[in-house]
Amino acid sequence: MSPVLQAAELRKSYGAIQALKGVSLEVGEGELVGLLGPNGAGKSTLVKIACGLVRPSAGSASIAGAPAGSPEAHRALGYLAELFRFPDWLTADELLAMHQRLAGADGGFAEREHLLDAVGLGDALARRVGTMSKGMQQRLGIAQALVGGPRVLLLDEPTSALDPAGRRTVRRLLEDLRDRGVAVLLNSHLLSEVELVCDRVAIIARGELVAAGTPEELSRPSGIEVQTANGTRMFEAARRDDAPRIVRELVAAGEEIYGVRVLRSSLEDAYLEAVGES
């Protein structure tokens, strides 16, 4: 996969505060990357630099090969901020039409109708923003970010206000975007959502990239649990390849085996360890 979002040795200082301390990150075409970290870690600063809203103190960022913040980068980019506010008096259709004009997109009504259907708001075309729930506005915000068919999508806490059904709708949409080759950087505190949908995860703490990899790579074996007639036996240091030997030895010792489970640490465990809160 060729990278369509690149951040190289990004640094950002606000006076004496170092928000980013040399962060490098790439997102490939059709790749969905989750960005994790505690409050104040530097995640939103990284996203804002990629959008061109904040200039780095050092390092560089590019979108689809163009410098972040340039007209070419803006044309390839879709963005949903964590704290957004749309005019209450606009209908969903009017809001998307306005963003089409701002983006220079020529998809017209067909695009607006398609985007609202994609986020589960197909029946809200004429509904005013001020009458929508927070969850509906969140989905409308995702539709806004998709105006013009961007190659790169930056989503800052896109499912924070959604109920389980709404989060599932967004997950399916993100999977469809991945299939179409859209690169997505997903900034979220919902580790369960990230684990379900993301190809890779990047964890930032104290302005530094402290861990990166697939959810499977970041988790690790944490033992084998064996259900026997005499109760549950735990082998905490064992790995998957040790399971057959353990079962043979227990059977040879007269144990009756009812189940074997290989245990792994969760993404939450890996996250807490990476940020120093384990």
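For the pair T232 and A252, the difference between a 0.36 nm per residue extended length and the Cα-Cα distance amounts to 5.5 nm.
Within the straight-line cut-off of under 17 Å between alpha carbons, the lysines reachable from K43 are K12, K21, sequence neighbours fewer than 8 places apart in one chain being disregarded.
Pairs of Cα atoms in segment 50-192 fall into 10 Å distance bins, from 0 up to the last occupied one, in shares of 11, 42, 36, 10, 1 percent. Database remark: amide H of T159 closer than 5 angstrom to no amide H (H placed geometrically; neighbours at sequence offset of 5 or more, or on other chains; Pro and chain starts carry no H).
Taken along its principal axes, the alpha carbon cloud of segment 219-266 reaches lengths of 34, 18, 13 Å, longest axis first. Length available on full extension from E268 to A16: 0.36 nm per residue minus the Cα-Cα distance, which gives 87.6 nm. Would you work out the relative contact order for the chain, in percent, from Cα pairs under 8 angstrom that are 6 or more residues apart? Worked out over the chain, it gives 21 percent. In this simple spin-label model, placing a label point 7 Å from the Cα along the Cα-to-Cβ direction at both W89 and T131 gives a separation of 1.6 nm.
What the phi angles of segment 249-259 give under the Karplus curve with 6.51, -1.76 and 1.60, with θ = phi - 60°, is a coupling list of 5, 5, 5, 4, 8, x, 7, 9, 9, 10, x Hz, glycine and proline written as x. Taking other C-beta atoms within 10 Å as the exposure proxy, T232, T159 rank T232, T159 from fewest upward. Ranked by how many other Cβ atoms sit within 10 Å of their own Cβ, fewest first, the residues F86, F235, F109 fall in the order F109, F235, F86. Taking a quarter of the surface of the Cα convex hull of the chain gives a mean projected area of 17.9 nm².
The Rg/Rh ratio for segment 158-265, using Cα coordinates for both the radius of gyration and the Kirkwood hydrodynamic radius, is 1.15.
Laboratory data are not the source of any read-out in this text; all were calculated from the coordinates shown. On a predicted model such as this, the values are computed, not experimentally measured, just so you know. Glycine gets a Cβ as well: all are built from the backbone with ideal geometry, and neighbour counts include every protein chain shown.
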